[in-house]
Amino acid sequence: MENFKNKPMYSYLMVLVICASAGLQGWMALFTNFAKEIVGVNGFQIGVAQAVREIPGFLTFLVMYILLIMREHRLSAWSVVLLGIGIGDTGFFTTFPGLLMTTIVMSIGFHYFETTNKSLTVQYFDRHDAPIVFARLRGYGALANITVGAVVWMLSFFIPYRGNFLLLGIFVGLAGIYMLTKNPAEEEGLHRQNKLVLRRKYWLYYTLNFLSGARRQIFIVFAVFLLVEKYRLAVSTIAGIYVLNYALTFLTNRYISRAINVYGERVVLSLESASLFILFLGYAFIENSWVAVILYVLDSVFFNFSIGLNTYLQKTADTSDLSQSTAMGFTINHISAIIIPLIGGSLWLLNWRLPFLIGAGLTVVSLYFTQKIKMPLPVASHLS
């Protein structure tokens, strides 16, 4: 019996996840083309913009101080409102400083929602239900991404960037305001941690998170910029690619989870690193727009293999350390997410191939450290 569906927090988070996922996906589908065609950014500036976008992720530990004056579920809804404001304002600021300003507003909303979403799920659902809830919410997010990608694709033929950003921002913001009228809270804070903990015994998890964040940024920032800058793909085409990506994500996530349970994290994460090595080299040396699109779609599928990092920590960490260690991993992941776009943007100006060659090198390093995962790891019963 899936009794968790009867909890008010489940439907509360479901609505917010759908709206936040749709908002971020719509913003991403429009952003690169808007930045290139309207703002006129170069490779270095797109790297700066994406580095700025990741700063709030690094600063999510500040959430604990906000929770001294606000209930966590209300902070979650307010974060979605802020996300909507940042998205809706984007089209009205067509200078590079304006682009950075709206990006950081949007990013604060999204990252603070992501933090509270995970925390509320851990607090309100037990160890058996929490993984199922995480998977369900991720599935709802993927469906929202597919839907908004299709909508953006259609609207891009008729409505300019400003209108697309505004409509999307209004939808997300109003949804957040509506959820502020709801109160799904029971007994919050029973499992909340008020500090980050860095423990030596989790060094491998931290290292793999750092490398994962670095690879992720090359994929998110420079693979898309390659399609727009070098191959001149229109926003409608980019939106269509995003729809395909999330459809594949929705279809393949269950098989990735099964592979982790059957073969273990080391095998799955090794396959991810080896595959991304080939894909990054493909970006660098195969100069064909259709091949680049195929590489990008495959990249998005292998990107989802990184859920093995979460299950690795779950199987190896002490229960009392799980929440703090997850937060620390999130912070470390965003350290590389800030650094890589800046370095990659500078290298892009020298040669567009260099960020992808750096990405290939990072996958080799990641593959090396992945071999240090001990096998076999016990499979948690609630994941089987």
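Here is how the numbers come out for the structure above:
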{"quantity": "Residue check for PHE369: closer than 26 Å to THR32 by Cβ and touching a residue at least 60 places away in the same chain (Cβ under 8 Å)", "calculated": "no"}
{"quantity": "Pair list, Cβ under 6 Å, 6 or more apart: region 329-341 residue in contact (Cβ under 8 Å) with a residue 60 or more places away in the chain and assigned to a helix (DSSP H, G or I), other residue of a type in the set (Asp, Glu) and surrounded by 21 or more Cβ atoms within 10 Å (Cβ to Cβ)", "calculated": "HIS334/GLU54; ALA337/GLU54; ILE338/GLU54"}
{"quantity": "From the options SER273, SER346, SER366, SER323, residue that is more than 27 Å from LEU244 (Cα to Cα), at pLDDT 85 or above, crowded, with 17+ Cβ neighbours inside 10 Å and in contact with a helix residue (DSSP H, G or I) (Cβ under 9 Å, 6 or more places away or on another chain)", "calculated": "SER366"}
{"quantity": "Residue satisfying condition, being part of a helix (DSSP H, G or I) and closer than 24 Å to THR115 by Cα, within set SER236, SER212, SER275, SER270", "calculated": "SER212"}
{"quantity": "Leading residue by the ranking (nearest to TYR12 (Cα to Cα)) among those in region 89-102 that are of a type outside the set (Val, Ile, Thr) and assigned to a helix (DSSP H, G or I)", "calculated": "ASP89"}
{"quantity": "3 or more residues crowded, with 17+ Cβ neighbours inside 10 Å and modelled with pLDDT of 85 or more: qualifying helices (runs of 4 or more DSSP H) within region 1-88", "calculated": "8-34, 43-58"}
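Every residue, every condition in (1) touching a residue at least 60 places away in the same chain (Cβ under 8 Å); (2) of a type outside the set (Phe, Trp, Tyr), yes or no:
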{"position": "SER212", "(1), (2)": "yes, yes"}
{"position": "ILE220", "(1), (2)": "yes, yes"}
{"position": "ARG232", "(1), (2)": "no, yes"}
{"position": "ILE238", "(1), (2)": "yes, yes"}
{"position": "THR252", "(1), (2)": "no, yes"}
{"position": "TYR255", "(1), (2)": "no, no"}
{"position": "ARG266", "(1), (2)": "yes, yes"}
{"position": "SER270", "(1), (2)": "yes, yes"}
{"position": "TYR283", "(1), (2)": "yes, no"}
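The values are calculated or read from the model by the stated rules, or taken from the named source; none is laboratory data. This structure is a prediction, so every number in the text was calculated from the model and none was measured. Note: ideal-geometry Cβ built from the backbone for every residue, glycine included; neighbour counts use all protein chains shown.
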